[in-house]
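Asker: This structure is in structure tokens; I'll ask about it shortly.
The values are calculated or read from the model by the stated rules, or taken from the named source; none is laboratory data. All values reported here derive from a predicted model rather than from experimental measurement. Cβ sites come from the backbone with ideal geometry, for glycine too, and all protein chains shown count toward neighbours. Only protein heavy atoms, including side chains, enter the accessible area calculation; ligands, DNA and RNA are left aside. Shrake-Rupley method; radii C 1.70, N 1.55, O 1.52, S 1.80 Å.
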There are 2 protein chains.
Amino acid sequence: MNNQQPSTLNGLDTVAMGATVSAIGEQSIVAKFQFRAQNQWLGGGHNRTTISDFDGACQKHVHEQPHVVDSDEPEVLMSADRAANPAQHALHALAACLCSTLVIHATARGIRLRSVESTLEGDVDLRGVLGLDSAVRNGYEGIRVSLKVDADAPSEVIDELIQVAQERSPLVDIISNPTPLAVRRVQ
Amino acid sequence: MNNQQPSTLNGLDTVAMGATVSAIGEQSIVAKFQFRAQNQWLGGGHNRTTISDFDGACQKHVHEQPHVVDSDEPEVLMSADRAANPAQHALHALAACLCSTLVIHATARGIRLRSVESTLEGDVDLRGVLGLDSAVRNGYEGIRVSLKVDADAPSEVIDELIQVAQERSPLVDIISNPTPLAVRRVQ
């Protein structure tokens, strides 16, 4: 690495990033992560997820403070609107993932970002979740994302970055493609 | 409705719930919802989603307080662990949705719940998001949910409830099946 390069770009440590990519390149086991969450019903539409730890880079990582995220439904969906609902949280996860993936790949290419903003819309027909029409799907019928990126780069490079963010984002994959899911009852 | 029935079960207003289901049964347009979110990059792996309003039941609903949810990456993923990361938020959305869907259907069947808890695990290989191996998918290779339900009901009825929650949950659908997604750049 050129010592005259700054070691931070877009708020990310480029030296650490290079080391991580090298370590994964040498040993693919380093890339294996397992994320975990625990959820508890609090009454009505209100429930709470606690995220305490995860495995990655061949070790267990405990969050210094567990991450706690609530979910609730708005009044029109018969609860008290104490937090975003699950469908809104899904949009958040997607938006956050597109943003992070774009920032990582811009940084890897040495592109300084000024801003990344997105707005998302998702259409859902509640006849699905309520079981009123089996022809209606339960999830989003479609999701649209408008992404606004300002960077020290030509417009066509920003277009490429937006393309790479879509191609590499874990949440874009989860939303666009089937993921194996197993639900089991425990006593 | 029998006037001697309590009007609240599991923290949900059963009269309002019946009215909602009837309204949707009469006019399917009432079931059409659009959820929205806005996300802004704050530097490094940190970004913030603001959820201000949504459309549903033929009107626009403005949250009294916007719901604000942050995302960040942990230190091992080169950021400051200020919040859960996008993959962890995806587990939260799924857990919250399974819980809410189960509570709604238990309530519709007149079953009093005592507790609903879940633990989730998701495996992901970071060679996907980093673009190091095109044969590795970006999203979760698999997600496992353990669901613990205590209710005033026989064990086989709880099994049925868990089955219905999976069959009707919007997030189970989004994770298990492809959802049309369009990302466009705006200036």
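Asker: Order these peptides, B:142-148, A:45-51, by their mean beta-carbon neighbour count within 10 angstrom, highest first.
Answerer: Averaged packing, sorted descending, gives the order A:45-51, B:142-148.
Asker: Measuring from a point 7 Å out along Cα→Cβ, what nm distances, shortest first, does A:G43 have to its partners in the other copies?
Answerer: 4.1
Asker: Within 10 Å of each Cβ of B:135-148, how many other protein chain Cβ atoms are there on average?
Answerer: 6
Asker: Related question: Do any residues of region B:20-34 lose at least 10 Å² of accessible area when the full set of protein chains is present rather than just their chain alone, and if so which, with a 1.4 Å probe?
Answerer: Flagged in region B:20-34: B:T20, B:V21, B:I24, B:S28, B:A31, B:K32, B:F33, B:Q34.
Asker: Percent of accessible area on region A:44-187 owned by carbon and sulfur, 1.4 Å probe?
Answerer: Exposed carbon and sulfur together represent 46 percent of the surface.
Asker: As a test of understanding, state the convex hull volume per residue of region A:117-187 from its alpha carbons, in Å³.
Answerer: 152
Asker: Still on this structure: Taking the Cα atoms of region A:1-64, what is the range of coordinates along each of the three principal axes, in descending order and whole Å?
Answerer: 57, 27, 18
Asker: Let me ask something else. Can you classify the protein assembly as shown as rounded, prolate or oblate using the Cα gyration tensor, where a ≥ b ≥ c are the square roots of its eigenvalues, rounded means a/c under 1.5, and otherwise it's prolate if a/b beats b/c and oblate if not?
Answerer: Note, shape of the protein assembly as shown comes out prolate.
Asker: Right, here's the next one. Restricting to DSSP H runs of at least four residues, report the calculated mean residue ellipticity at 222 nm for chain A, -39500 (n - 2.57) per run over all residues, nearest 500 deg cm²/dmol.
Answerer: Helix contribution divided over all residues of chain A: -10000 deg cm²/dmol.
Asker: Moving on to the next point. State, in square angstrom and to the nearest 100, the accessible area buried between chains A and B, both chains counted, probe radius 1.4 Å.
Answerer: Roughly 10900 Å².
Asker: Next question, about the same structure. Express the C-alpha Rg of region A:21-141 as a ratio against the empirical globular expectation 2.2 N^0.38 Å, rounded to two decimals.
Answerer: 1.38
Asker: Tell me, what is the per residue accessible area of chain B in Å², probe radius 1.4 Å?
Answerer: Using a 1.4 Å probe on heavy atoms only, each residue of chain B averages 43 Å².
Asker: In nm, what does the list of distances from B:A23 to its counterparts in the other copies look like, shortest first, when each label sits 7 Å along Cα to Cβ?
Answerer: In ascending order, 5.4 nm.
Asker: When chain A is treated as a GNM, springs tying every alpha-carbon pair under 10 Å, which of A:V116, A:V164, A:V124 comes out with the largest mean-square fluctuation?
Answerer: A:V124
Asker: Quick check: net charge around B:S71, other residues with Cβ under 10 Å of its Cβ, Lys/Arg +1 and Asp/Glu -1?
Answerer: Once all neighbours under 10 Å are counted, the net charge is -1.
Asker: Using only Cα atoms, tell me the angle between helix A:14-26 and the longest principal axis of chain A; keep it within 0 to 90° and round to the nearest 10.
Answerer: 80
Asker: Structure shown: which of A:K148/B:K60; A:K148/B:K32; A:K60/B:K148; A:K60/A:K148 lie over 32 Å apart, alpha-carbon to alpha-carbon?
Answerer: Flagged as over cut-off: A:K60/A:K148.
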